[in-house]
Amino acid sequence: MVEEVPPVRIVIAEDQAAVREGLALLVGTVAGITVVGQAPDGEVAVRLAGELRPDVVLMDLSMPRCDGVEATRRIKEHHPEIEVVVLTTYADDDWVLRALEAGALGYLTKSANKHEIGRAVHAAAAGQALLDPRVQRRVLGAALTPAAATASAPSPEDDAKLTKREAHVLTLIAAGRSNKEIAAELFVSETTVKSHINRIFAKTGSRDRAQAVRYAYQAGYVRD
């Protein structure tokens, strides 16, 4: 008998009622996703995250009272198990980096279709980052600028922190591989992969895969 997997429970935070309700209807048709709440601003999003404990919050950035970046920061601070996927009109460096630094795991623009949104939500629920390609280029570009490298590039001592296996896992993360794919390539269990990733996060000071990818480029483990 195949064990039934419970649907991913999400809250949608969007200040425009028509957009929010349309998203709820659209995303609600994606297999394996259930919309459990809607928030018209960041304050309500934070409150609903605490009350409903969804798996994922689909978060707009430009909202009244409390914007999506601050709402993401507060949700991750108090409920680190809840993942945030940003869905917004903005794709500029400042918004992207601020949202990712606040703890967002995925970042899509509103040009994304329901299948792309569904993939991002399912990926986030599995602890995997998924970024819009345009957003990913901006993040990597910011990580590779001289100013960014001067401000946060790891020292040789930092580079030496990772074992050869951890460095290999990091390059696979940067290549967009899932835990399952990494496990298959290295002929180890997914539990072992998770242990490697947890150590990589701890050693590099990364909160999530997006930050680990930035570290990989800054430290020279991956070349653009």
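The values are calculated or read from the model by the stated rules, or taken from the named source; none is laboratory data. Bear in mind the structure is a predicted one, so any value in this text is a computation, not a measurement. Counting neighbours? That spans all protein chains shown, and the Cβs are built from the backbone with ideal geometry, glycine included. Calculation scope for accessible area: heavy atoms of the full protein, side chains included, ligands and nucleic acids excluded. Shrake-Rupley method; radii C 1.70, N 1.55, O 1.52, S 1.80 Å.
Sort Arg20, Arg177 by heavy-atom solvent-accessible area, probe 1.4 angstrom, most to least.
Numbers: Arg20 30, Arg177 80 Å².
If we order Arg20, Arg177 from most to least accessible, we get Arg177, Arg20.
Compare the Cα positions of Leu162, Ser195, Ala212 along the charge dipole of the range 157-224 (+1 at Cβ of Lys, Arg; -1 at Cβ of Asp, Glu; about the Cα centre) and return the one farthest towards the positive end.
Of the options given, the answer is Ser195.
Just to verify a number: FRET efficiency for Asn113 and Glu4, C-beta to C-beta distance, R0 = 22 Å, to 0.05?
The calculated FRET efficiency here is 0.25.
Assuming R0 = 41 Å, can you tell me the calculated FRET efficiency for the pair Lys164 and Ala126, based on Cβ-Cβ distance, to the nearest 0.05?
0.95
May I ask you to compute the full-extension gain from Ala202 to Thr29, defined as 0.36 nm times their residue separation minus their alpha-carbon distance, rounded to one decimal in nm?
Taking 0.36 nm per residue and subtracting the Cα distance, the gain is 58.5 nm.
Measuring from label point to label point, each 7 Å out along Cα→Cβ, what is the Ala184 to Glu101 span in nm?
The modelled label-to-label distance comes out at 3.7 nm.
Among the listed pairs Lys76/Lys164; Lys76/Lys180; Lys110/Lys194; Lys110/Lys203; Lys76/Lys194, which have their C-alpha atoms separated by more than 28 angstrom in this model? Mind showing how you got there, number by number?
On the way: Lys76/Lys164 31 Å; Lys76/Lys180 25 Å; Lys110/Lys194 31 Å; Lys110/Lys203 35 Å; Lys76/Lys194 20 Å.
Those over the limit are Lys76/Lys164; Lys110/Lys194; Lys110/Lys203.
For Arg9, enumerate residues with amide H under 5 Å from its amide H, sequence gap 5+ or separate chain, H modeled in the peptide plane.
Here Thr34, Asp55, Val56 satisfy the definition.
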